[in-house]
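Let me begin by presenting the structure, written as structure tokens, before commenting on it.
The values are calculated or read from the model by the stated rules, or taken from the named source; none is laboratory data. This structure is a prediction, so every number in the text was calculated from the model and none was measured. Note: ideal-geometry Cβ built from the backbone for every residue, glycine included; neighbour counts use all protein chains shown. Accessible surface areas use protein heavy atoms only, side chains included; no ligands, DNA or RNA. Shrake-Rupley method; radii C 1.70, N 1.55, O 1.52, S 1.80 Å.
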Amino acid sequence: MALLIHLLVCTFGMGSWVAINGIWVELPLLVTELPEGWYLPSYLTVTIQLANIGPLLFTLLHHFRPGCVSEVPVIFAVLGVGTTACTLFAFLWNVTSWVQGSLRSVTFMVLTFFLALVDCTSSVTFLPFMSQLSTHYLTTYFVGEGLSGLLPALVALAQGSGLTTCVNVTETPYNTSSPSIVRKTGIPQGNDSTPVPGLTGTAPTMVHLESRYLPAHFSPLVFFLLLSFMMTCSLLAFFLLQRHPRRCKSSTEDLLTSQVTLYSIRPLKEDLSPSGPADSSMSQEPAEEKAASRYPAHLLFIYGLVAFVNALTNGVLPSVQTYSCLSYGPVAYHLSATLSSMANPLACFLSMFLPNRSLLFLGVLTVLGTGFGAYNMAMAVMSPCPLMQGHWSGEVAIVASWVLFIGCLSYVKVMLGVILRDRSRSALLWCGAAVQLGSLLGALLMFPLVNVWRFFSSADFCSLQCSA
């Protein structure tokens, strides 16, 4: 029975971010079909952040009207909307409309907003619901949340999304008076320095390598239908969790256990006090006031750590992953994306068997993970010619750095959630709010750097030439 609940909780957690993660991993195919092209990610970032209106409203209602809105009907609503939107995506993702004289993917953006509304709201509804289950099920929930990124990545890998190859391209000017007009002819890959006779007599010709996307094994229609199936499984799992009688029983048992523990420890402390039971209340008052005065700062540190970790993992570093990895080649990029997605659920599994709630340890692990993130950011800044570019050690270093970055900070996120779960249901709701706030701030920080000021430079790996 416990195994069944673990399976249902994992499937339920999978529905938290599976839709938006699916769109991100499908982007290499979408940008070749939609009119926005490679500006599409910047539009997606803005659309997703606008969807934070959902968790904001829910959190404000919880604060000013406690008990006004229950998370259970909200979860049913968001999972239903997510399933419907994924199904519509499968058939309408490439529908475009004329806006101010040019084609725009209006339908795509509207459906993305609803999917983002579902996923953002899950942060402040799924976690409070998990407070009704035993503590050890919360770790399983985070495993499912990790799978929400891993499963779409594996599907996209099987689809061949974004895989490229290098081909020789011949550029031939039509005439010498208009050298900017060229004709490109893809030819089989070979020696890039082989001379090619002029196709227009005396006109010079140039041959260079360029990247070409390989055809996908199946269409985005199939991909989005698979996402819809995952959302349906999450909805069904939540329905079964609601009907399972063990849910309330586990919550009651945890509450009774906590009460028994509290009331059994207090008399023991009173008996051990030097002044005896009569003076124990007076001797404990300063200590209790001191602990109460420290606790807000203690809790604020935890929420700050939650926001910081999620800002890095959900906003700052994902914005530059292509810049930090693609300079090392498409293989390094795909390995870093896939293996780092695997590192998330693996870190959650590790926290089940090796839990450590020490804030000092979690702080040190956060610093370590931030160090790996700083290396990834440095390589993105140095793009298109990062350290050890063109050597296998550079590829190994960037892949390992991304895996360790996600692994370390995923462990921190799980343990912080476990700590707050033991605090109260309200603490988990504010934990979800901190998750969204950190993600929002990270995305807002990176958007102008990447899309407005063009702080990062990309390059075609096939034609990349860096000096030693």
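The single condition among (1) modelled with pLDDT of 65 or more; (2) farther than 30 Å from residue 410 by Cβ that residue 230 does not satisfy is (2). Looking only at the stretch 419-429, residues that are open to solvent by 10 Å² or more (accessible area, probe 1.4 Å) and touching a His at 6+ places or on another chain (Cβ under 9 Å) come to 1 in all. Of all the numbered requirements in (1) open to solvent by less than 30 Å² (accessible area, probe 1.4 Å); (2) modelled with pLDDT of 80 or more; (3) within 24 Å of the chain's Cα centre (by Cα), residue 133 misses one, and that requirement is (3). When residue 239 is tested against (1) in contact with a helix residue (DSSP H, G or I) (Cβ under 7 Å, 6 or more places away or on another chain); (2) open to solvent by 50 Å² or more (accessible area, probe 1.4 Å); (3) modelled with pLDDT of 85 or more, exactly one condition is not met: (1). Of all the criteria given as (1) without any contact (Cβ under 8 Å) to a residue 40 or more places away in the chain; (2) out of contact with any strand residue (DSSP E or B) (no Cβ under 8 Å at 6 or more places or on another chain); (3) assigned to a helix (DSSP H, G or I), the one not satisfied by residue 141 is (1). Counting just the residues of the stretch 368-399 that are under 18 Å from the mean Cα position of the chain (by Cα) and small (Gly, Ala, Ser), which one comes out most open to solvent (accessible area, probe 1.4 Å)? My answer is 374. Listed by first and then second residue, the pairs with beta-carbon distance under 8 Å, at least 6 apart or on different chains, first residue in the stretch 431-457 and more than 17 Å from residue 53 (Cα to Cα), second at pLDDT below 80 and outside any helix (DSSP H, G or I), are 449/455; 449/456; 450/456. Hey, does the stretch 357-367 have a residue that's over 19 Å from residue 335 (Cα atoms), open to solvent by 70 Å² or more (accessible area, probe 1.4 Å), free of Cβ contacts under 8 Å to residues at least 60 places away in the same chain and touching a Cys at 6+ places or on another chain (Cβ under 7 Å)? No - not one qualifying residue is present in the stretch 357-367. Residues in the stretch 419-428 that are out of contact with any Lys or Arg (no Cβ under 7 Å at 6 or more places or on another chain) and part of a helix (DSSP H, G or I): 420, 421, 422, 423, 425, 426, 427.
Within the stretch 303-356, the residues that satisfy the criterion of being closer than 17 Å to residue 432 by Cα, modelled with pLDDT of 85 or more and open to solvent by 30 Å² or more (accessible area, probe 1.4 Å) are 303, 304, 308.
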